[in-house]
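A short worksheet on the structure shown next.
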Amino acid sequence: MCGRFGRTTTADWFAGTIGAAVSAWLGSDGAGYNRAPGTWQAIAIRASAGAERVTRLGPAKWGFISPRAPDATFAPINARLETADTKPLFAQAFANKRCVIPADWWYEWQTTEAGTKQPWLIRPADGEPFFLAGLWSSAKQLDHGQTAASQATFAVVTTQAQADIATIHPRQPVVLDTKGACKWLDGQHGPSELKQLASTSSNRAYRSQPISTAVNNVRNDESSLVEPLSENR
């Protein structure tokens, strides 16, 4: 799964790699070491602009709300790659409303023999910034008094974890490089091609390190969160 991630590379940098225009609504884009569900994050989508399709990077709330939902009581933060194209909640978004989320790393929690949860920071071994594959929706039916009413919401797509990090958690987010992100946003690919793209792009080497449990508190958002407890795996 993916329930927390971090990004210090600017949204402008990510936008430049995929040829996206940055929305004025994105506002200040400072470093975020502990980006959590329920918060507003930058996502890139392909949208219509007259007769053209353009890529835009703007804010969306993490937690997928169906366009038919009357309230936000059910807002899953993840969608499984294996079933996203057929599950009623996500099928339309998988077909027509895919997005990518800029990131530099993500966190997973490993259950120890003592039954405690040890947080780990995980990133591609090459250390390069990347995109998380996602699905988005517009919360059209929410009353205007509710947060995210008529705004974009999203879920991160997850898949089976690669062998080098599977001992930490059996699931991981779908990780895309720039080329993969552009293909994920492109409307020319069917479900089988997209699943193959997601699997191929995520099949890479990763580097992981145990970190302080301070990350458990979403109010903690400072650079000390990414300091390792011991040598990198």
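Just a few scattered comments:
- Consider region 55-82 and keep the residues that are without any contact (Cβ under 8 Å) to a residue 60 or more places away in the chain and either of a type in the set (Ser, Thr, Tyr) or part of a loop (DSSP other than H, G, I, E, B) (or both). The one that is surrounded by the most Cβ atoms within 10 Å (Cβ to Cβ) is Phe74.
- Any pair with Cβ under 7 angstrom, 6 or more apart, that starts in region 111-126 at a residue that is surrounded by 11 or more Cβ atoms within 10 Å (Cβ to Cβ) and ends at one that is in a loop (DSSP other than H, G, I, E, B): Gln118/Thr112; Trp120/Ile168; Ile122/Ile165; Arg123/Asp104; Pro124/Arg204; Ala125/Ala205
- None of His144, His189, His169 is closer than 20 Å to Ala60 by Cα, not hydroxyl-bearing (Ser, Thr, Tyr) and not in a strand (DSSP E or B) except His144.
- Of all residues in region 192-212, those satisfying the criterion of being of a type outside the set (Val, Ile, Thr) and assigned to a helix (DSSP H, G or I) are Ser192, Glu193, Leu194, Lys195, Gln196, Leu197, Ala198, Ser199, Ser201, Ser202.
- Test: residue in region 131-145 that is of a type outside the set (Lys, Arg), modelled with pLDDT of 95 or more and over 15 Å from the mean Cα position of the chain (by Cα): no
- Residues of region 5-25 satisfying the condition of being surrounded by 13 or more Cβ atoms within 10 Å (Cβ to Cβ) and under 27 Å from Thr73 (Cβ atoms): Phe5
- For region 186-216, filtered to residues that are without any contact (Cβ under 8 Å) to a residue 40 or more places away in the chain and out of contact with any helix residue (DSSP H, G or I) (no Cβ under 7 Å at 6 or more places or on another chain), the residue that is nearest to Ala47 (Cα to Cα) is Gln188.
- Total residues in region 31-54, condition in a strand (DSSP E or B) and in contact with a strand residue (DSSP E or B) (Cβ under 7 Å, 6 or more places away or on another chain): 14
The values are calculated or read from the model by the stated rules, or taken from the named source; none is laboratory data. Computed from a prediction, not measured in an experiment: that's the story for all the values here. So basically every Cβ, Gly included, is an ideal-geometry build from the backbone, and we count neighbours across all protein chains shown.
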